[in-house]
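One structure is given below, encoded as structure tokens.
Since every read-out is calculated from the coordinates, none of them should be taken as a lab result. Since the model is a prediction, treat every value here as computed from it, not as a measurement. Methodologically, a virtual Cβ is constructed for each residue, glycine included, from the backbone with ideal geometry; neighbour enumeration extends over all protein chains shown.
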Amino acid sequence: MTDFAATKALFHLPEGMIYLDGNSLGPLPKTTAARVAQCVTDEWGEKLITGWNKAGWMAQPTALGDRVGRLIGAEPGHVVLGDTLSIKVYQALAAAVDLMPDRRVILTDSGNFPSDIYMAEGLIKSLDRGFELRVVAPEDVAANLTDEVAVLMLTQVDYRTGRLHDMAALTAAAHGVGAVIVWDLAHTAGALPVDVAGCQADFAVGCTYKYLNAGPGAPAFIYVAPRHVAGCQPALSGWLGHEAPFAFDLDYRPGPAIERMRVGTPPVLQMAALDAAMVIWDQVNMQALRAASIALSERFIKGVEATCPMLTLASPRDPAQRGSQVSFHFENGYAAMQACIARDVVGDFRAPDIMRFGITPLFIDAADIDRAVAVIAEVMDGRLWDTPAYMQKAAVT
Ligand SMILES: Cc1ncc(COP(=O)(O)O)c(C=O)c1O
Ligand SMILES: Nc1c(O)cccc1C(=O)C[C@H](N)C(=O)O
């Protein structure tokens, strides 16, 4: 599918709203409610426990894994869904350090999402084998790849600025010093073409509630390269990752392939929501999507820069260095974003001063971009953000 004028009709968007936040929580596909209702009434309601076999619930994590896998260039049979992204980061990192018994440095960058860093710290603590987490500036990653590094763990697209790491180059550089790489694709999957297999990435993880429209709390995914899967000893050895879960053996034996990265019971209702979203995503041509995303992003930057001199671009100016979001610095960014949201232009704020806008061509078009620019200009020009009501920070920003 390359006709993004048609895809907008596939999503429910509140009347009058311009939703520039599909990179945080994607909007609802129009078919999702019926698909989830069918799962609830026909599958859960009528099939009850037999739904695990008859409705295919047990096979969903790998079946959906292949569909998500297409979007990231994974080989079939090497992606599985389940758990949260933080859990999948932990699993991937634990498996990665296991491959490198003689090295003790996990390298990451300060643009990484904090949860990835916290999970690495937690893993290091529980391993208690003297690992060091080394956090460097994003532009210094390559220079810090030494033969001390066991694992390079990176989020490809910086959640604040949208800065995009070169997956092929950094994967090759990590391999060049004998290290293993873990990619977090939270802001990549459904945002731009990726080729984990072609880049020879070792592990990749990501979520499905942002660009992939599977809804709040939707399951995460994990990719393990074919060459590693047989040697991968799951750190989170739950029963559904066992070779024969229904043998109920007391000794753990990992499942045959990517199944071993499953942990426990899959979230069946969320998987149904993901299934509905994937009916759209199965059709999407990622190269065409990327071209549309760049055209809209360039239009947005041009419009905002022409009308809002107090906003400064926080994202890379070169579209090849950006994911599918555009961010601006503004010292009163929180209040300004609240003022935009009150006028139906929805983006989000990331501390300390980032106004972040997701550019998602499946449901945002050039007319939306122009209207959003006009609203942002009105907010900035009229200092409409400068009211106490917009300064009050909510629990979730
Ligand atoms: C890059 C990145 N990694 C990890 C997470 C954490 O994901 P989750 O809350 O699903 O564990 C997020 C978002 O919350 C993220 O953007
Ligand atoms: N996962 C989120 C949530 O459960 C509540 C609110 C926001 C989020 C997010 O996705 C934050 C996100 N990782 C970010 O890019 O900022």
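In whole Hz and in residue order, list the ³J(HN,Hα) couplings for the stretch 15-20 that follow from phi through the Karplus curve 6.51 cos²θ - 1.76 cosθ + 1.60, θ = phi - 60°; x for Gly and Pro.
3, x, 8, 9, 9, 9
Provide His329, His12, His165 in ascending order of the number of other Cβ atoms located within 10 Å of each residue's Cβ, fewest first. Walk me through the numbers before you get to the answer.
On the way: His329 16, His12 12, His165 21.
Sorted ascending by nearby Cβ count, the order is His12, His329, His165.
Report the antiparallel proportion of the DSSP beta bridges in the stretch 111-229 as a percent, rounded to a multiple of 5. Kindly include the intermediate steps, with their values, before the conclusion.
On the way: 5 of 13 bridges.
Within the stretch 111-229, antiparallel bridges account for around 40 percent of the total.
For the chain, what is the relative contact order in percent, using Cα pairs closer than 8 Å and at least 6 residues apart in sequence? Numbers along the way, then the final one.
Values: 787 pairs, mean separation 86.6, N = 397.
Relative contact order comes out at 22 percent.
As a check on your grasp of the helix formula, calculate [θ] at 222 nm for the chain: sum -39500 (n - 2.57) over DSSP H runs of n ≥ 4, divide by the residue count, round to the nearest 500. Walk me through the numbers on the way to the answer.
Numbers: 14 runs with 140 residues, N = 397.
Dividing the helical sum by the residues of the chain leaves -10500 deg cm²/dmol.
Would you please give the residues with an amide H less than 5 Å from that of Asp202, counting only those at least 5 places away or on a separate chain, with H modeled from the backbone geometry?
Ile181
List Thr265, Thr188, Thr84 from most exposed to least, where exposure is judged by having the fewest other Cβ atoms within 10 Å.
Values: Thr265 13, Thr188 26, Thr84 16.
The fewest-first ordering by Cβ neighbours comes to Thr265, Thr84, Thr188.
Sorted from fewest to most neighbouring beta carbons within 10 Å, what does the list Val105, Val180 look like? Present the calculation step by step, with values, prior to reporting the outcome.
Working: Val105 20, Val180 26.
Result, fewest neighbours first: Val105, Val180.
Applying 1/(1 + (r/R0)^6) with R0 = 51 Å to the Cβ-Cβ distance of Arg227 and Ala342, what FRET efficiency is obtained, to the nearest 0.05? Write out the running numbers ahead of the final one.
On the way: r = 52 Å, r/R0 = 1.02.
Taking R0 as 51 Å, the efficiency between Arg227 and Ala342 is 0.45.
Helix 85-98 versus the longest principal axis of the chain: what angle, 0 to 90°, nearest 10, using Cα atoms?
Here the helix axis deviates by roughly 50 degrees.
Convert each backbone phi in the stretch 377-382 into a coupling constant with the Karplus relation 6.51 cos²θ - 1.76 cosθ + 1.60 (shift: θ = phi - 60°), then list the ³J(HN,Hα) values in order as whole Hz, x for Gly and Pro.
Running phi through 6.51 cos²θ - 1.76 cosθ + 1.60 with θ = phi - 60° gives 4, 5, 5, 6, 5, x Hz.
On full extension of the chain, what length is gained from Asp282 through Ile49, given 0.36 nm per residue of separation minus the C-alpha to C-alpha distance?
Values: separation 233, 0.36 × 233 = 83.88 nm, distance 2.92 nm.
Working it through step by step, the gained length comes to 81.0 nm.
Going down the list Lys8/Lys393; Lys30/Lys210; Lys88/Lys393; Lys210/Lys393, which pairs span over 20 Å between their C-alpha atoms?
Details: Lys8/Lys393 32 Å; Lys30/Lys210 16 Å; Lys88/Lys393 30 Å; Lys210/Lys393 23 Å.
Beyond 20 Å: Lys8/Lys393; Lys88/Lys393; Lys210/Lys393.
Enumerate the amide H contacts of Val105 below 5 Å, restricted to partners 5 or more residues apart or on another chain; note that Pro and chain-start residues carry no placed amide H.
Glu132, Ala150, Val151
Which part of the stretch 92-109 falls in the paramagnetic zone of Ser237, meaning amide N under 17 Å from the point 7 Å along Cα-to-beta-carbon?
Within reach of a label on Ser237, which here means backbone N under 17 Å from a point 7 Å along Cα→Cβ, the stretch 92-109 contributes 92, 94-99.
Would you kindly state how much longer the chain becomes between Leu313 and Gln200 on full extension, computed as 0.36 nm times their sequence separation minus their alpha carbon distance, in nm to one decimal?
Values: separation 113, 0.36 × 113 = 40.68 nm, distance 3.30 nm.
Taking Leu313 through Gln200 to full extension adds about 37.4 nm, to one decimal.
Of the beta bridges DSSP finds with both residues in the chain, what % are antiparallel, to the nearest 5? List each step's numbers first, then the result.
Values: 22 of 40 bridges.
Counting DSSP beta bridges with both partners in the chain, the antiparallel share is about 55 percent.
Output wanted: per-residue J couplings in Hz (rounded whole) for the stretch 348-365, from phi through Karplus 6.51 cos²θ - 1.76 cosθ + 1.60, θ = phi - 60°, x for Gly and Pro.
9, 10, 10, 4, x, 8, 9, 9, 10, 10, x, 10, 10, x, 4, 9, 10, 10
Taking 0.36 nm per residue of separation and subtracting the Cα-Cα distance, what length does fully extending Ala168 through Met391 add? Mind dumping the intermediate values first?
Values: separation 223, 0.36 × 223 = 80.28 nm, distance 4.22 nm.
Difference between extended and current length: 76.1 nm.
Starting from the Cα gyration tensor of the chain, take the square roots of the eigenvalues, sort them a ≥ b ≥ c, and report rounded, prolate or oblate (rounded when a/c is under 1.5, otherwise prolate if a/b is larger than b/c, else oblate).
Details: a/c = 1.95, a/b = 1.29, b/c = 1.51.
Taking the square roots of the gyration eigenvalues as a ≥ b ≥ c, the chain is oblate.
Which parts of the stretch 138-158 would a label at Arg104 reach, counting a residue when its backbone N lies under 13 Å from a point 7 Å out along Cα-to-Cβ?
148-150
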